[in-house]
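In what follows, a single structure is set out as C-alpha cells and then discussed.
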Amino acid sequence: MSRIARGVSLYSFQEEMFLGQMTVEDCVAFAATIGAAGIEILPEQNMPTFPDITDAQIGQWRDMLARHGAHFTCYDMFLDTKRRKDRLMTDDEQVESIHRDLVLANRLGITNMRVLIFVRPDILERCVPMAEKLNVHMGVEVHAPWYLDHAWILRTIEVADRLGTSHLGILPDMGIFMKHYPPAFRARFERQGARPEVAQFIVDQHEQKVMAEYTIYEVAVKMQGNKAEVAMAETLRHAPYANPKRIGDFAPYFRHIQAKFYEMTEDCRDPSLAYEEVIRELVKVRWEGTLSSEYEGNRWIQDVHPVDSREQVRRQHAMFDRLIAQAETENRQKA
C-alpha cells in the first residue's frame, strides 16, 4: 500500500465558495468521494470568526469531518506584517502571531502548518519550542520563483539542522516543477490581445528554459510587445522548472505537499507540471505524507466559461492514482 496519501486544500474551491455555489461542507464531502480525505484548511478563509474559535466550533468541525470520513492534514497560516498603516509588525508580534496559529492548529488536531515563505528563519527559530511542545511541524512553503536549492530555503533547513528539531522544515508547492508553459495562461493572454506569434515565442523560450529577463527584454524592447504580451513574458519569472531528482535530498524536511495545478486535460493529465517525474521520485524515496490538491486555474478561465473546480480536482486525483500505481510497479520490478 502506498505511503502517499491524497487530500485537497479548500483553497481549490475558492471560486465556488466565493459565488455561494458550495459550502465548506460541500467541499469536504466532495473530496471524500474521490478518495481525497485529507483536508488542508485556511482558517482565515474558512472560519468566519477567526482567530476567535470556540471549543464548540472546533467540535462542529470535527463532527463534520467525521460525517464524511475526512480528516485535517494541514493548517495554512498567514502573517499580517502590514496590519497597521504606520509600521510593520515587530519581531515579538510576529512570534506571538505564529504562536497563536500553532495553538489553534493543535486545538484542531493538525500536526502540519504551512508557513509563508517570507517568514524569516530567525523568527521561526524562536517558534520551535512552541511547535515542539504542541507537536506541529512548521513547513516553509517552497513557492515559485523560489526552489528547493534556493539560499533562502536553505537558511531554514540550516536552522532546523542546527537545532536538531523535527518540527521545522519545508513544504513544497508543486508550481516549482513547471516543465511546460500552461496552455490556460497562453489562451488568457491571447484573449487579452497577445499576438499568437509572440505568445509562441514566449512558450518556446520557456521550453528552452531561457532566463526570464532575457525573454522579457526581447518581447518588451525588440518586439515592442503590447501590454498582454509583456505581462505574459513576465509570468516566466514565476515559472521555474526545478529538478525533480533533487526531491530525495529534501524529503526528510517535508511531510506535506501542496499539489498546485492550473488545468487537467480530459484524459486526466497535467500539461504543465512534471507530476510523472515528481511522483516517481517520491515513491522511490518512500516519502510518507499527503499530496494536497491546490487548484489555481479558475482565474485563467473565468472570463470565458464557468469554473468547475470539482471536475478539475477529480481529474488530478485520477492522475495521482495512476502515477502512484505506475511508480510503485516500477519500483517492485527494479527490486
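The values are calculated or read from the model by the stated rules, or taken from the named source; none is laboratory data. Keep in mind the model is a prediction, meaning the values are calculated, not measured. Virtual Cβ from ideal backbone geometry, glycine too; neighbours counted across all protein chains shown. For the accessible areas, the whole protein counts, side chains as well, though only heavy atoms, and no ligand, DNA or RNA atoms are used. Shrake-Rupley method; radii C 1.70, N 1.55, O 1.52, S 1.80 Å.
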(request) Mean Kyte-Doolittle of at least -1.0 plus a Cα span of 24 Å or more along the axis: flag which DSSP H helices in the chain meet both, please. (result) 91-108
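Summarise the accessible area of the chain (1.4 Å probe, protein heavy atoms) by the percent that is carbon and sulfur.
Working: 7980 of 15580 Å².
Carbon and sulfur together cover 51 percent of it.
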(message) Students often check this: by mean Cβ neighbours within 10 Å, which of 14-22, 85-93, 283-291 ranks highest, and how do the rest follow?
(response) 283-291, 14-22, 85-93
(message) List the pairs from K85/K133; K209/K284; K209/K245; K133/K284 whose alpha-carbon separation is above 29 Å, in the order I gave them.
(response) K85/K133; K133/K284
(request) Principal axes first, then extents: for the Cα atoms of the range 27-89, list largest minus smallest coordinate on each axis, whole Å, largest first. (result) 48, 25, 14
(request) Please list, in chain and number order, the residues 5+ apart from A242 or on another chain whose amide H is under 5 Å from its amide H, with Hs placed from the backbone. (result) F177, M178
(message) Once ligands and nucleic acids are excluded and a 1.4 Å probe is used, how much of K209 is accessible, expressed in Å² to the nearest 10?
(response) 90 Å²
(request) Take the Cα of M64, step 7 Å along the line toward its Cβ, and report every residue of the range 101-121 whose backbone nitrogen sits under 18 Å from that point. (result) 104-110
(request) Please report, in debye to the nearest 20, how large the charge dipole of the range 172-314 is about its Cα centre when each Lys and Arg carries +1 at its beta carbon and each Asp and Glu carries -1 there. (result) 260 debye
(request) Could you bin all the Cα-Cα distances of the range 1-142 into 10 Å bins starting at 0 and give me the percent of pairs in each, rounded to whole numbers? (result) 11, 39, 34, 15, 1, 0
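If we count every other residue with Cβ under 9 angstrom of A144's Cβ, Lys/Arg +1 and Asp/Glu -1, where does the sum land?
Details: positive: R237, K260; negative: D173.
Value of the local net charge: +1.
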(request) Please report, in cubic angstrom per residue, the volume enclosed by the convex hull of the alpha-carbon atoms of the range 235-335. (result) 111 Å³
(request) Note the per residue figure in Å³ for the convex hull of the C-alpha positions in the chain. (result) 158 Å³
